[in-house]
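Peer 1: Can you keep this structure in mind? I'll have questions shortly.
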Amino acid sequence: MKVPRPWSARAWLDTGHVMIGLPVAIVLGGLTLVLIVAPPLLRRRLPWFTRVQRSRFEAFLGVHIPPVQTPSQWRSPATWRQIGYHLLSPIVGLAAAFLVAVAWGGAIVGLLSFLPAKLSGPPLEFVFDLRDNRVVLLFMVIGLVLMVLAPILARGMAALDLSVARTLLGPSRSELGQRIETLTESRAGVIDAADAERRRIERDLHDGAQQRLVSLAMNLGLARATLTDLPEPAKEAIAQAHEEAKQALKELRDFVRGLHPAVLNDQGLDAALSGVAARAPFPVKLHVDIERRATPTIEAVAFFIVSEALTNIAKHAAATKAEIRVRSERDRLHVLVYDDGCGGARLDAGTGLRGLAQRIDSVDGTLRLSSPLGGPTTIEVDLPCE
């Protein structure tokens, strides 16, 4: 815990949280105690009491305590945890406010102990003679020590109150577990839906736009070969249109392959990666050892990793060769991409590797990158198969 300085805003916010928390806790705790005899009325007021306390933590400590779902049954654990906090908070608040007030008060009294002797003439009678410089010095030393300890004590009391509030006002471990499970299932559904959408786009492009471009290129090629008696400008226009159509068809095929190749669904990861490796502008050694196929989403991520890595190597690495190893081990799929290029790749240096890391994180995979200047570069990825 970082020690706050006495004059820092953090020290005053902690002190304000503790001191204001006492009357708030007494009022809400008293109302809770009174209304326990009228469960329907307390059931309507209890969420409001809890919102007041949560707003206090957010205003002074900048901490948001996640709300629990409004219980449908009066005897639910969440309801009684909230009641327990409102009944316990006056006791915690009283002890915290007393200690913090004594610390700050003692600090102020000690540091200002020299004033009574200066402002009051004789006779001056106290238990301690404040006209004695040694007594004044002792008081000021004690005040200085308390001035240093007061913000630490305020920070500790605020942390104690926060810990109790998180335990009783926030969701329990079982509720957090259920929420995490729900979010995990929702994320898996979103990822599967996105992968299915990519497959649909690939199928529509392959069966629709790509076929029309093939037909257009064939017709232009036929016109280019047969219409030889046209004027020269017309023949040049047909030839240029033919070349543009072929180039557009090539780019569309590359885009479709990168989106979600049909061979990945039909023949699996080994065949899809073989096609990617064969199209690379440098020698690629491919070794795939997979006992059984992973889920379509994981296969798509593994294919994207290798495809994006080879693209980056071709663009930036100036490599003469690359190696790809894919193997399955129990419930994990391991992917390794190696190249002998110039190295210097970083996850924060461009969109390619950053997008790769984001795609891996989306399925709870891990990425390790080793790319010293001068090379070689190694990308190791570990993906869950289930």
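The values are calculated or read from the model by the stated rules, or taken from the named source; none is laboratory data. What you see is a predicted model, and the numbers here were worked out from it, not measured in a lab. Cβ sites come from the backbone with ideal geometry, for glycine too, and all protein chains shown count toward neighbours.
Peer 1: Which one of Ser113, Ser72, Ser76 is modelled with pLDDT under 80, closer than 30 Å to Val141 by Cα and assigned by TED's automatic domain parsing to the domain that holds Leu153?
Peer 2: Ser113
Peer 1: Collect the residues in the range 331-343 that are outside any strand (DSSP E or B) and of a type outside the set (Asp, Glu), keeping them in residue-number order.
Peer 2: Listed by number, the residues that qualify are Gly341, Cys342, Gly343.
Peer 1: Looking for something at pLDDT 80 or above and either among the polar types (S, T, N, Q) or touching a Gly at 6+ places or on another chain (Cβ under 7 Å) (or both) - is there at least one such residue anywhere in the range 205-221?
Peer 2: Checked the range 205-221: no residue is at pLDDT 80 or above and either among the polar types (S, T, N, Q) or touching a Gly at 6+ places or on another chain (Cβ under 7 Å) (or both).
Peer 1: Here's another thing I want to ask about it. So which residues in the range 311-329 are touching a helix residue (DSSP H, G or I) at 6+ places or on another chain (Cβ under 7 Å) and either basic (Lys, Arg) or modelled with pLDDT of 85 or more (or both)?
Peer 2: Hits for the range 311-329 are Ala322, Ile324, Val326.
Peer 1: Look at Glu244 and say whether it is at pLDDT below 75 and under 30 Å from Phe304 (Cα atoms).
Peer 2: no
Peer 1: Moving on. Looking at (1) outside any loop (DSSP other than H, G, I, E, B); (2) among the charged types (D, E, K, R); (3) at positive phi, can you tell me which one Glu380 breaks?
Peer 2: Result: Glu380 passes all but (3).
Peer 1: Could you tell me how many of the residues in the range 215-226 are of a type in the set (A, V, I, L, M), farther than 17 Å from Lys250 by Cβ and touching a helix residue (DSSP H, G or I) at 6+ places or on another chain (Cβ under 7 Å)?
Peer 2: 1
Peer 1: Now for a separate question. Please work out which residue is modelled with the lowest pLDDT, limiting yourself to the range 272-300 and to residues that are among the aliphatic types (A, V, I, L, M) and farther than 18 Å from Thr311 by Cα.
Peer 2: The residue in question is Ala294.
Peer 1: Could we say that Asp364 is at positive phi and part of a loop (DSSP other than H, G, I, E, B) here?
Peer 2: yes
Peer 1: Of the residues Ile313, Ile360, Ile379, which single one is among the β-branched types (Val, Ile, Thr) and farther than 22 Å from Gly268 by Cβ?
Peer 2: None of the others qualify; the one that does is Ile313.
Peer 1: Which one of these is in a helix (DSSP H, G or I), more than 38 Å from the chain's Cα centre (by Cα) and modelled with pLDDT of 85 or more: Gly105, Gly16?
Peer 2: Only one candidate passes the filter, namely Gly105.
Peer 1: Any residue in the range 28-52 that is surrounded by 12 or more Cβ atoms within 10 Å (Cβ to Cβ) sitting within a Cβ distance under 9 Å of a residue that is at pLDDT below 80 and hydroxyl-bearing (Ser, Thr, Tyr)? List the pairs, counting only those 6 or more apart or interchain.
Peer 2: The qualifying pairs are Pro47/Thr70.
Peer 1: Within the range 31-44, which residues are over 14 Å from Tyr85 (Cβ atoms) and not hydrophobic (A, V, I, L, M, F, W, C)?
Peer 2: Scanning the range 31-44 gives Pro39, Pro40, Arg43, Arg44.
Peer 1: Given the criteria in contact (Cβ under 8 Å) with a residue 40 or more places away in the chain, more than 14 Å from His316 (Cα to Cα) and surrounded by 16 or more Cβ atoms within 10 Å (Cβ to Cβ), does Leu333 qualify?
Peer 2: Yes: the conditions hold for Leu333.
Peer 1: Among what's in the range 313-330 and is among the aliphatic types (A, V, I, L, M) and assigned to a loop (DSSP other than H, G, I, E, B), pick the residue that is surrounded by the fewest Cβ atoms within 10 Å (Cβ to Cβ).
Peer 2: Ala318
Peer 1: Let me spell it out: the conditions are (1) surrounded by fewer than 17 Cβ atoms within 10 Å (Cβ to Cβ); (2) of a type outside the set (D, E, K, R); (3) under 25 Å from the mean Cα position of the chain (by Cα); (4) assigned to a helix (DSSP H, G or I), and Leu369 meets all of them except one. Which number is the exception?
Peer 2: So the condition that Leu369 fails would be (4).
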